[in-house]
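Remarks on the structure that follows.
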Amino acid sequence: MRRAGILGAGASSSPSASAAPARGPTRRPAPTRALSFGRARDTALAEGRRHLTVLNTLDASTRERAAAGVRAWRDASTGPLRTELGRTEPAVGASARATVTEAALTALDTRAGTAKLIATVRVDVTPRGGATATGDRKRLEAVLTRTGEDTWKVAALSAVPVAGAEGSEKEEGGDE
């Protein structure tokens, strides 16, 4: 009886009347949420790549350029990382230019506004005086924080150890 009262309050017994509301509102939000999540993922990945490039690049050919580089580091970061980078004193010295070669999000929480990104970065370091640059590859993990509608910044940055590097090879070969 109670069930009939709930259904009877606004429901019609015709199939077309009861089928229409079930299709409309219940099916439309899912694609909208998926599109929204996809846009957030793409934005976080693009912003993360861009900021990792900035955080691994510095033109220290002059004090002014080094100061501009440190300001760019602060603009690409947030939280304690931004504070820590703000304490960096610009100085003339070696310059570095970074290129993110691969990157992917490993986690994304759109409600909390956080994401984790892993990336490989090639860094070309040119010593002071313009000698030949040397290249290095880094594997990094970054924690991103959403700071605006479509703005993500790096809140934490750490190196990811490479499996098989130095001590790992010795441990693996110990069973022979």
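Numbers below:
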item	result
Within segment 1-112, helices (runs of 4 or more DSSP H) holding 1 or more residues that are at pLDDT 95 or above and open to solvent by 40 Å² or more (accessible area, probe 1.4 Å)	29-55, 63-76, 79-86
Top-ranked residue in segment 82-110 [being touching a residue at least 40 places away in the same chain (Cβ under 8 Å) and of a type in the set (A, V, I, L, M, F, W, C); ranked as farthest from residue 156 (Cα to Cα)]	96
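The values are calculated or read from the model by the stated rules, or taken from the named source; none is laboratory data. Computed from a predicted model, the values in this text were never measured in an experiment. All Cβ positions, glycine included, derive from the backbone under ideal geometry; neighbour counts span all protein chains shown. For accessibility, only protein heavy atoms count, side chains too; no ligands or nucleic acids. Shrake-Rupley method; radii C 1.70, N 1.55, O 1.52, S 1.80 Å.
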